[in-house]
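The values are calculated or read from the model by the stated rules, or taken from the named source; none is laboratory data. Here the structure is a predicted model, which is why all the values come from computation and not from measurement. As a convention, Cβ positions derive from the backbone with ideal geometry for all residues, glycine included, and neighbour counts pool all protein chains shown.
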Amino acid sequence: MNKFLLMAVAAICSLPTMAQKADSLVFTTVLENPVTSIKNQNNSGTCWSYSALAFLESEVLKKDPSKKDIDLCESFLVSKTYTDRADRNVRTHGDASFSQGGSFYDAIFCMDRYGLVPEGLMPYPITPYGDSLFNFTNFFPPMEAYIKAIATSNAKKINPIWKKDVQGMLDNYFGQCPTEFEYKGKKYTPQSFVKDYLQLDPNDYVSLTSYTHHPFYSQFVLEIQDNWRWATSYNLPLDEFMRVMEESVKNGWTFAWGADVSEDGFSRRTGKNKCVATVPDTKATAGVGSDQSRWTGEKAGAKIAQSDAAGEKVITQEMRQEGYDNWTTTDDHGMQIYGIAKDQNGKEYFMMKNSWGEYGPYKGFWYVSKPYVAYKTMNIVINKNAIPKDIRKKLGI
């Protein structure tokens, strides 16, 4: 009798564990396009550099799979970008922001104007700081304060020597940007490296977004601080925006993905579904006027959000716009989307490459639900040839 009782108690005690395991997501890859190794931006706001270069590295691999060791230098891109951004900040008397962040367009602009270089030509970063990875704790604040002092000065005339001072700060940390170098037995400049080795054309890349405060199928300057070069994005309705992302990945392309990652559904914490991003609909089952509504905060007459079969919010164009307008969707982080996977229930997710090192159970890779992408994507940068032809025609590209 006691034996059977112990077995029953053990079975009951095991139920939470079994339920937790059943509730954990298990992913199966549907398709994935080639990406390079995981990098680590460490203690710096340079996700835009890592993600943009990760995307361009995949562009190189798509053209020539034999170049699987391609690794582009973040230090070169960051140094060139900060030089330009400091100049813009001073010319606008501080109105154009100067910060660690940036945009994907900074990489496209750098590729076009200055070129790119492979990793290993510049210290990563320079050794006097004792860092094996970017750590801007001591480096960036003094430079930021110096540029602010110049930009907001009451002086009637500014000595241009300040540019050399800023360049010196950058060179002291990152090392000097090379003007020529040897790679795999051939000599290049940063510009010829892009043209002759990488074989990338800056004109192939466009930014896409989806907001209603500008006309669809037009271009506008996305109003975020790190879009300091005032680059334009093509504006698409949400359904076509999602179609571009889904079809491009299915047809062998990747894209740079800028999104809000400050949401509770973007799970950094330990637990069963760490490194997964979803939009859980926590109020979908709330009954207005019921005891449950007292705890969920629903008011009489309130409209309860629709949810899909997996309990995620159904995202609308209006929800996207509201998030952007009221600052609950913010310009947080740059990443790369490269594949599609399914969970054990058959639901599809985008596969994402991050720049936080080999973090989490998937060693630096994440799974992002399609509702999350629809809701919290700020913009993407993609090869224009990856866009479906009918949509390209609407955009005039």
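Here are the numbers for the structure shown:
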| item | result |
| --- | --- |
| Candidates Asp112, Asp84, filtered to the one that is of a type outside the set (Lys, Arg), at pLDDT 95 or above, more than 20 Å from the chain's Cα centre (by Cα) and within 18 Å of Ile224 (Cα to Cα) | Asp84 |
| Hits in segment 376-397 (condition: under 25 Å from Thr330 (Cα atoms) and either surrounded by fewer than 23 Cβ atoms within 10 Å (Cβ to Cβ) or without any contact (Cβ under 8 Å) to a residue 40 or more places away in the chain (or both)) | Asn383 |
| Failed condition for Tyr349, given (1) touching a Phe, Trp or Tyr at 6+ places or on another chain (Cβ under 9 Å); (2) surrounded by fewer than 22 Cβ atoms within 10 Å (Cβ to Cβ); (3) outside any helix (DSSP H, G or I) | (2) |
| Residue identified as in contact with a Ser or Thr (Cβ under 7 Å, 6 or more places away or on another chain) and of a type in the set (Gly, Ala, Ser) among Gly334, Gly357, Gly346 | Gly334 |
| Residue among Ser99, Ser103 that is out of contact with any Leu (no Cβ under 6 Å at 6 or more places or on another chain), among the hydroxyl-bearing types (Ser, Thr, Tyr) and surrounded by 16 or more Cβ atoms within 10 Å (Cβ to Cβ) | Ser103 |
| Odd one out for Lys80, checked against (1) touching a helix residue (DSSP H, G or I) at 6+ places or on another chain (Cβ under 8 Å); (2) in a loop (DSSP other than H, G, I, E, B); (3) among the charged types (D, E, K, R) | (2) |
| Spans of helices (runs of 4 or more DSSP H) in segment 85-179 with at least 1 residues of a type outside the set (D, E, K, R) and touching a Pro at 6+ places or on another chain (Cβ under 8 Å) | 104-113, 161-174 |
| Among (1) farther than 26 Å from Asn159 by Cα; (2) out of contact with any helix residue (DSSP H, G or I) (no Cβ under 9 Å at 6 or more places or on another chain); (3) of a type in the set (D, E, K, R), the one test that Arg88 misses | (1) |
| Residue selected from segment 167-178 under the condition over 23 Å from Gln191 (Cβ atoms) and crowded, with 17+ Cβ neighbours inside 10 Å, by the criterion modelled with the highest pLDDT | Met169 |
